[in-house]
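The values are calculated or read from the model by the stated rules, or taken from the named source; none is laboratory data. These figures come from a predicted structure and were not determined experimentally. In this analysis, Cβ positions are derived from the backbone assuming ideal geometry, glycine residues included, and neighbour counts consider all displayed protein chains. For the accessible areas, the whole protein counts, side chains as well, though only heavy atoms, and no ligand, DNA or RNA atoms are used. Shrake-Rupley method; radii C 1.70, N 1.55, O 1.52, S 1.80 Å.
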Amino acid sequence: MKLTKDPQAMLLLSVHGLFILSSALSGTFLNVYLWKSRQDYTMLGWFTIAQQVALGLTFWAAGKWVKEHNKMNALRLGIAVSGLFYLCVLWAGRDAVHYIWPLGLLFGVSLGLFWLAFNVVYFEISNAENRDWFNGWIGLLGSVTGIIGPWLAGWVITWMHGDEGYRLIFTVSLVIFAAAVVLSFFLRKRPVQNDYNWLEGLRRLKEGGVWKYAVWGLAVQGMREGVFSFLITLLVFVATDQESKLGQFALITSAVSLVSYWACGKWFKPQFRKIGMLVGAVLMLLVILPLLLAVNYTTLLVLGIGTSLFIPLYMMPAISVSFDLMGLNQENVEKRVELVVLRELSLTLGRITGLLVFILVLSINQDTLTITLLLLFLGASPIGSWLFMRRLFPSKEQVT
């Protein structure tokens, strides 16, 4: 199947693009908005943990709905709840810092519903031969929206001098989420399956084998994601105290990511996944080292550009190999919803672990060196992830 000839695939990418655009527009500045009310790293850590707890529980519980009923409705509800979240932030204003847990849980539910449905449909319309191409397009869309959204938001917030700018950006996000919901109604209803097995993930872990390595690899990968997802952009704002600089940072790094994902999508072949993933993991760690000299806009930009340049080498194989396992045999295909849930729960547990380490360390010391050493420690997790996942890649002879 050629995705380029499948209107449903392109429509799914369009819905994904709108969701990512709205998230990039407001999400980049969400933690900054909270930080300006209370300068507390651990508060933002707990806010992110609340998201991950709700996300994991939503994945597990909504799996039954997605498998046995209309997964498109789960996707639409996820987008709608994202809009509701930003509506609540608008209502709470600067008092949002007093509602960290309920807001975080609401945000996590929205992300869980959307990404569970999206990942299942993604699996259904792609296969092992074109999955790298699809991942490349997802990366490209993420990069394009990352160029437009944060830069525009940063410019608006700076121009409007603060809270008025934030309110306008959050309102625009609501409109884009609404447009994504409308567009999603053109996605046709996907076939339903048999009964949902609540404990399928636990059964796979007890059996061991390939899924044991996949689960451990994904969990270790998540340790970096949980903290880096919000801390880097926050450090850029703390170092510059300018939303426009944060928008500029996102524009530059997303432009680099656009080129790197395009190149990897065009030339990265399945036989290079194993070595490519390792090279990407090592290089992503090395670009953190300049922070040992100083944490300023320049060194953070080196980190951002380097990560954007090398992360496709790591992420494209990491995503593809776990989804390839789902298509390994007919049993796995029939259990694709449960296996998507297992994949996401593994990442979520890893993210929560990384965030708990972050909160523990910064509750003791919040100086710059401590934060940098913590970034280096968590930034090494992709190498640990590769050590588990390398067992899952077929040999070069098998691929070719």
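The table below lists the values:
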item: Helices (runs of 4 or more DSSP H) fully within segment 198-275 counting 3 or more residues that are in contact with a Lys or Arg (Cβ under 7 Å, 6 or more places away or on another chain); result: 210-240
item: Test: residue in segment 335-354 that is surrounded by fewer than 22 Cβ atoms within 10 Å (Cβ to Cβ), modelled with pLDDT under 85 and in a helix (DSSP H, G or I); result: yes
item: Top-ranked residue of segment 42-60 - restricted to ones that are surrounded by fewer than 22 Cβ atoms within 10 Å (Cβ to Cβ) and not hydrophobic (A, V, I, L, M, F, W, C), ranked as nearest to the chain's Cα centre (by Cα); result: Gly56
item: Flag if Gly93 is part of a helix (DSSP H, G or I) and either closer than 24 Å to Ala62 by Cβ or within 20 Å of the chain's Cα centre (by Cα) (or both); result: no
item: Any chance Leu328 is open to solvent by 30 Å² or more (accessible area, probe 1.4 Å), in the same structural domain as Leu291 (by the TED database), under 19 Å from the mean Cα position of the chain (by Cα) and among the aliphatic types (A, V, I, L, M); result: no
item: Of residues in segment 183-238 being open to solvent by 50 Å² or more (accessible area, probe 1.4 Å) and closer than 25 Å to Leu375 by Cα, the one nearest to the chain's Cα centre (by Cα); result: Ser229
item: Flag if Ile79 is aliphatic (A, V, I, L, M), in contact (Cβ under 8 Å) with a residue 60 or more places away in the chain, under 19 Å from Leu11 (Cα atoms) and in a helix (DSSP H, G or I); result: yes
item: Pairs with Cβ under 7 Å, 6+ apart, first in segment 275-288 and more than 18 Å from Thr372 (Cβ to Cβ) and touching a residue at least 40 places away in the same chain (Cβ under 8 Å), second surrounded by fewer than 19 Cβ atoms within 10 Å (Cβ to Cβ) and not acidic (Asp, Glu); result: Ala281/Ile383; Val282/Ile383
item: Evaluation of Asp163 against (1) touching a residue at least 24 places away in the same chain (Cβ under 8 Å); (2) over 26 Å from Gly226 (Cβ atoms); (3) of a type outside the set (Gly, Ala, Ser); (4) buried (at least 19 other Cβ atoms within 10 Å of the Cβ) (one fails), failing number; result: (4)
item: Residue tally, condition of a type in the set (A, V, I, L, M, F, W, C), within 28 Å of Leu25 (Cα to Cα) and in contact with a helix residue (DSSP H, G or I) (Cβ under 7 Å, 6 or more places away or on another chain), over segment 251-280; result: 7
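Yes/no matrix, rows are residues, columns are (1) modelled with pLDDT of 90 or more; (2) more than 26 Å from Leu325 (Cβ to Cβ):
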position	(1), (2)
Lys206	no, no
Leu218	yes, no
Gly226	yes, no
Lys245	yes, yes
Gly265	no, no
Lys269	no, no
Leu278	yes, no
Leu289	yes, yes
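Here's the yes/no breakdown for (1) in the same structural domain as Leu325 (by the TED database); (2) at pLDDT below 85; (3) under 23 Å from Arg343 (Cβ atoms); (4) touching a strand residue (DSSP E or B) at 6+ places or on another chain (Cβ under 6 Å):
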residue	(1), (2), (3), (4)
Gly112	no, no, yes, no
Phe123	no, yes, yes, no
Ala153	no, no, no, no
Val156	no, no, no, no
Arg167	no, no, no, no
Val192	no, yes, yes, no
